[in-house]
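Contents: one structure, followed by commentary.
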Amino acid sequence: PLPEVTMSLQFSTTLRNALLAAVESTIGTAPTLEIRTGAAPANCGTADSGTVLATMTLPSDWMAAASGGSKALAGTWEDLTADATGTAAHFRIKAGATCHMQGTCGMGSGDLQLDNTSIATGQKVTITSFTLTAPGV
């Protein structure tokens, strides 16, 4: 038999931008972002884990228009009064009770960047950076 040939898929920028637009439209307007302690669950279908440190409703149009296969946060993402004390480690973005996206968070590392990972009850928590990049470059 012939050996299996694998190749990396390549997508046009137009397709990559459309994929990113579909992410925001599928999740919907004004989803909830939760900042949590501990490791993220195995996947979005798995029950929440860790303690909720901060909860924020994202802006109605929460991501900027996709450009060049990337899409960054839009508007202000912040919780004026944190829910609990702990170290931020992962996040979940939800529409209602449904988790649509999760990842790591940190300062200088992680999928989502915070102004501070050491959160105290009542403090203001601000997201400083979040960018989605579509595959297929």
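Tabulated values for the structure
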| quantity | calculated |
| --- | --- |
| Contacts under 8 angstrom Cβ, first residue in the stretch 72-85 being β-branched (Val, Ile, Thr), partner open to solvent by 80 Å² or more (accessible area, probe 1.4 Å), 6 or more apart | Thr81/Lys124; Thr85/Thr121 |
| Residue in the stretch 77-101 that is surrounded by the most Cβ atoms within 10 Å (Cβ to Cβ), counting only those that are within 29 Å of Ala22 (Cα to Cα) and out of contact with any Ser or Thr (no Cβ under 9 Å at 6 or more places or on another chain) | Met101 |
| Leading residue by the ranking (surrounded by the fewest Cβ atoms within 10 Å (Cβ to Cβ)) among those in the stretch 22-53 that are of a type outside the set (Asp, Glu), in a strand (DSSP E or B) and within 14 Å of the chain's Cα centre (by Cα) | Thr32 |
| Qualifying residue in the stretch 103-125 (condition: under 17 Å from Gly28 (Cβ atoms), in contact (Cβ under 8 Å) with a residue 24 or more places away in the chain and out of contact with any helix residue (DSSP H, G or I) (no Cβ under 6 Å at 6 or more places or on another chain)) | no |
| Cross-chain or 6+ apart pairs with Cβ under 8 Å, the stretch 37-55 first and under 21 Å from Leu80 (Cα atoms) and of a type in the set (Val, Ile, Thr), then at pLDDT below 95 and open to solvent by less than 50 Å² (accessible area, probe 1.4 Å) | none |
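The values are calculated or read from the model by the stated rules, or taken from the named source; none is laboratory data. None of these values were measured; they are calculated from a predicted model. Neighbour counts run over all protein chains shown; Cβ positions are idealised from the backbone, glycine included. Each accessible area value is taken on the protein alone, full model and side chains, heavy atoms only, with ligands, DNA and RNA left out. Shrake-Rupley method; radii C 1.70, N 1.55, O 1.52, S 1.80 Å.
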